[in-house]
Structures are given as structure tokens and as C-alpha cells.
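Undergrad: Take a look at this one; I'll ask things after.
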Amino acid sequence: MRFLNRLSPRYTPPAIATRGELAILRDSILQSMLLLFSFLGLIVVALAAVHLSLPADMPLLAAYVLLYGLATITALARGLPYRLRGHFVLFLVYLLAVSELFESGQLGEVRMMLIVFVTITAVLFGYRGSIIAILLSTATIVAAGVLGSRPEVLAWFPAFENIHRGTDWITSAFTLLMFSTVVSGAIVMIINGLEMNLRRQEALTQALESERVSLENRIEERTADLSRRLAQLRTASSLTRSMTSLADPDEMLRQTVELIRESFDLYYVGVFLLDEAGQNAVLHAGTGEAGRQMLADGHRLAVGGSSMIGWCIANRKARVALDVGAEAVRFSNPNLPLTRSELALPILAGDKVLGAMTVQSSKPNAFDEDDITVLQGIADGLGVALENDRLYNETRQSLEEIRAFNREYLQRSWAETIESYGELSYQYDNAALADPTGPTEVLEIPVLLRNEEIGQIILETDRAQLSKDETNLIENIINQTAIALENARLLRETEQRAIQEQKLNELTAHFSSALSIDEILRAAAQDLGQLPSVAGVAVRLSPAGAPTRLTGGNGKEPTA
């Protein structure tokens, strides 16, 4: 099957494929002619074998067989050079024309065959080959006309007598020259136009192919860029999640700079935070050996100084240096000698600047607007995480202070309550279960109120361990007891305050009804003397620092 495909005119040999579309078209035409000659030659040989049966005709039959064999071999051998195969086709056509000339001497038929010869030459080899074919055909007619006038030639070729009749051969030669020139010229013009169109088409095809390759490259670059952007966004999302999950801010900063450096293929990433005075940016996290060394040295940069970090914090804006050698404001760090591009991003929490992040690459022009947007988003996430951590610490500290105040309040309140009531305790013996001679276990359970111990419950049991249901029941009773005790204390405290408010209101009423200073002083002494814990009251108006003694109401003897 592969061999038959190679015989098809549509098949193009590799040597022809590199010579352009016109060469491919000519090879296809040539192969079609060779296949046609092989088919027609088979018919000619068959007819010749029938009619040329005499021994004298054997040489002519052998010539037919030889030519047919050569035509068949040439058609089958697609690997032969194009010129060799083309010249063989032209040789067959010219040979047929000459054979017709020697056989019949009919110039009309010979002239048509020679015009076909010129036409095929123009098609296969262009204008140069057609000129040679025109000259050869004209020379053949002229030679036949000249030789036909000689008796010795007529003796060998009697058909030449039909040629030499006046000026028939001259007319035939002129006609051949004229028609073959016109036909070959037209064919050459058509072929040249076709070749020009094919070249244009080929140039257009090459341009389209080049554009296709360029487009594919751009698509691949864009796809790679989108993949890189997607990886960066995933990194930013992962960093945002890790920022909210890590409780230690130092560990959060360390993991953040490492992930940024790996995901963005960077040379160095560092995070600076402002000190308490807000005058210097102190390095808190850095990647690689350079970062460890600078952290050990306590690396810091002045705010607003001759560094991109200082400028970034002072102006609260990102600053990029695509070529650090041409950057006017930049700190040349000896620990980072390979830096070619640098990006400084502010770390903000609302309107407050917390610090800045430095991102450095060993490649020039390493950052674009998309990189700045993604990295600034990460820096903003850092700002939110750091501010949340600060607020969390403040809230936790406030809660600790509230808890300490609550503990102190509960302890003081219950200490005052116990002092007021004396010892507060109650004991109950279950006569049905009490066995003074049997073994007992003592369980001490604290009574807790808001995690503060305000008392104890002591249980004597006949078992070393209570069941789960019993334990839950006891805990619920203790919790309810603590709540009830606190409610009772609050109720007593409320009642005391109500009494105080009532006394104050009564004192106010007495004051409002008193018409003189003496009456006001008497009312104050009487109301204060009625308090449960007051044994006597003395009210005296005197200059500051003067001694005061208890003598009785308003300087008089005490009254009952």
C-alpha cells in the first residue's frame, strides 16, 4: 500500500517538498504524464505485437518494448532526479514526432506533435527550456526540408518526398515557430503568475505560521503567567489562613516570609516593625542565612532615612526599584549582594502604620503591577493579623484585670459577710445511715462562685468513690448552693443600701425642714446616732485643726 501511495501524483518526494509549491505541482504533472505514457504504452506494445509479426519488424517491436519498459521504470522510480525523469518524457514526445516525420512525412501532424513537445517543455522547465525546445523543433522541420531535396536521403527515407514540395517545409517551420512561441509564452506567463501567487501564498502561509507560533508562545507565556498568578493567590490565601491560626506573632512572621520567598521565587523577604518610639524599623523576620545574621545583629533602619523601608513607612506607600543600581533612595545591604530588584510594602492596620515588608529578587525588572497588588494584599493581611494580636492581648489583659477585680470583690464581700454574721456553717447527720462504728470516707468539695472558692462542703460516705450520677447531682447542688448564697448576699447588700438610701432621704427631709444651723446640726447628730454601729455622735463647727471632744449634742450634755 505504501508503494502504491508513492506512485500517486499527490505524493511529493522529500527532495521536491523543500523546493516550493511550483516544483511540487510540476512533479505532480510529470508523474501523471509518466503514468499516462505507461498505460498508453502498454496499449501500443499490444497493438504492435499483433501487427508486427514479421521477422523484419522485430527490431521495431523491440524498440517499442524498450521504450515502454523505460517509461514504466521511470514512472515507478519516484526517487530519480526530477530533471532526468522530465527529460525522458520530453525525449519520448520528441521521438514520437521524429518517428512520425520519418514514417509519413506529414508536416501537419509532426508540427502539432512538436508544438506539444514545446508546451510540455514550457510546463516542466519554464521559459529557458521552452526556448531550447522551440529552436530544436524549428531546426527539425528545417533539417527535414533541406534533407528531403537530396536523392540519397530520399533513397533511405521515401517519406521525405512529401516534405520537399515547394516551400511547404518553410511555411511549416514558420508556423511552428510562431505558434510554439505564442503557446510557450502564454504558458510561461501563466506559470510565472502562478509561481508569483504561490510565492505570495507561501509567504502568507509562513507569516500565518509565524503568527500562529507567536500566538502559541504568547498563549503559553500567558498560561504560565496565569498559573504563576494562581499559585501566588493560593499562597496569599494560605498565608491569610495561617495568619489567623497562629497565636505566636513571631512564628507567623517567620512562616510568612518563608512562604513568600518560595512561592514567588525570590532572593530575600524580610519584615520590619516599628519600635515603641516609632523612630526605627526593627527587623523581626528574614529568610536565609542573611536574615538570621541580621536578626542576630538587631538590624534596624531609621524611618524616613536613606532606605526604601524608611521611605515606605514614612510615606505609607509601596516603593519599587526594578534596577537597584539606579535607585536614589536605598540602603545597600552587604548581607544581600545579589539583589537586583527590590519592593518595599507598608504594613498598615487601618490608618496606623505598623512597619514594612521588603521583597528582593536577584533578577532585574522582577516585579510588575500584579506582583505589587498580590504582595500588598499579603502585607495588609499581616497588618490585620498583627493588629488583631495586639487587640487580643489587650483584651486578654483587660479580662485578667476584670477577673482579678472580681476575685478581690468576691473575697472582700464574703469576708465582710462572714465578719458580719460570724461563722457560717451547717451540719446535717442522716440518722438512718449514720453508723459511728463503721468505716467512713470524708470528701471535701469546694463551693465555687465564678471560679472563686467561698466555702467547702464536707461529705462523709460509706464508700470510697461515688457513682457518676451521684457526682453529677452533688455538683449541681453545689452550683445551685453557690448561686443561692450569692443571691442572698446581694439581697442583703441591696437591703442595706436601701436602708442607707432611706436614712439619707430622711436626713435630707430633716435638713429641708430645719430653719437654723442649730436645728441642722441637731438633725444630723440624731440621724447618725440612730445607726446600729454608732454609740455616740458629736457635731461641731470649728476652724480646721482645732481639737474636738465628745461633750453632748451641740456642745451640751449628751442626751439619751
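Undergrad: Which order do the peptides 192-204, 172-184 take when ranked by the mean count of other beta-carbon atoms within 10 Å per residue, highest first?
TA: Values: 192-204: 12.3, 172-184: 18.0.
The densest-packed peptide leads the list: 172-184, 192-204.
Undergrad: At 1.4 Å probe size, what's the solvent-accessible area of HIS87? Round to the nearest 10 Å².
TA: Near enough 90 Å² of accessible area.
Undergrad: Stretched out fully, how many nm does the piece from LEU443 to GLN397 gain, at 0.36 nm a residue minus the Cα gap? Spell out each step's value before the answer.
TA: Working: separation 46, 0.36 × 46 = 16.56 nm, distance 3.60 nm.
Full extension from LEU443 to GLN397 adds 13.0 nm.
Undergrad: Separate question: Going by the alpha-carbon gyration tensor, a ≥ b ≥ c the square roots of its eigenvalues, is the stretch 377-532 rounded (a/c under 1.5) or, if a/c is not under 1.5, prolate (a/b greater than b/c) versus oblate?
TA: Numbers: a/c = 4.07, a/b = 1.20, b/c = 3.40.
It is oblate, given that a/c is not under 1.5 and a/b is not larger than b/c.
Undergrad: Where Lys and Arg each count +1 and Asp and Glu each count -1, what net charge lies around SER413 among other residues with Cβ under 15 Å from its Cβ?
TA: Numbers: positive: ARG407, ARG412, ARG450, ARG489, ARG492, ARG497; negative: GLU408, GLU416, GLU419, GLU452, GLU453, GLU486, GLU493, GLU495.
The answer is -2.
Undergrad: Continuing with this model, one more query. For GLU452, GLU289, what's the largest-to-smallest order of accessible area, 1.4 Å probe?
TA: Values: GLU452 25, GLU289 115 Å².
So the residues, ranked largest to smallest area, are GLU289, GLU452.
Undergrad: How charged is the neighbourhood of ASN476? Take every other residue with its Cβ under 15 Å from the Cβ of ASN476, and add Lys/Arg as +1 and Asp/Glu as -1. Could you put the intermediate results ahead of the total?
TA: On the way: positive: LYS468; negative: ASP469, GLU470, GLU475.
Around ASN476, the charge tally is -2.
Undergrad: Between ILE132 and LEU84, what FRET efficiency follows from the Cβ-Cβ distance if R0 is 25 Å, with the result rounded to 0.05? Walk me through the intermediate numbers first.
TA: Working: r = 17 Å, r/R0 = 0.66.
So the FRET efficiency works out to roughly 0.90.
Undergrad: Here's a follow-up. Roll a 1.4 angstrom probe over the protein heavy atoms and tell me the percent of accessible area of the stretch 332-410 that is carbon or sulfur.
TA: Values: 2170 of 4090 Å².
With neighbouring chains kept in place, the figure for the stretch 332-410 is 53 percent.
Undergrad: While we're looking at this one, here's another question. In the stretch 338-361, which residues have a backbone nitrogen under 17 Å from the label point lying 7 Å from ARG228's Cα in the Cα-to-Cβ direction?
TA: Those under the cut-off are 340-343, 359-361.
Undergrad: Going by average Cβ density within 10 Å per residue, which order do the peptides 136-143, 478-485, 338-345 take, highest to lowest?
TA: On the way: 136-143: 18.2, 478-485: 14.0, 338-345: 21.4.
Put in order of decreasing packing, that is 338-345, 136-143, 478-485.
The values are calculated or read from the model by the stated rules, or taken from the named source; none is laboratory data. Every value quoted in this text rests on a predicted model; they were computed, and no experiment measured them. Cβ atoms come from the backbone with ideal geometry, glycine included; neighbour counts cover every protein chain shown. These accessible areas exclude ligands, DNA and RNA; they are computed on the full protein's heavy atoms, side chains included. Shrake-Rupley method; radii C 1.70, N 1.55, O 1.52, S 1.80 Å.
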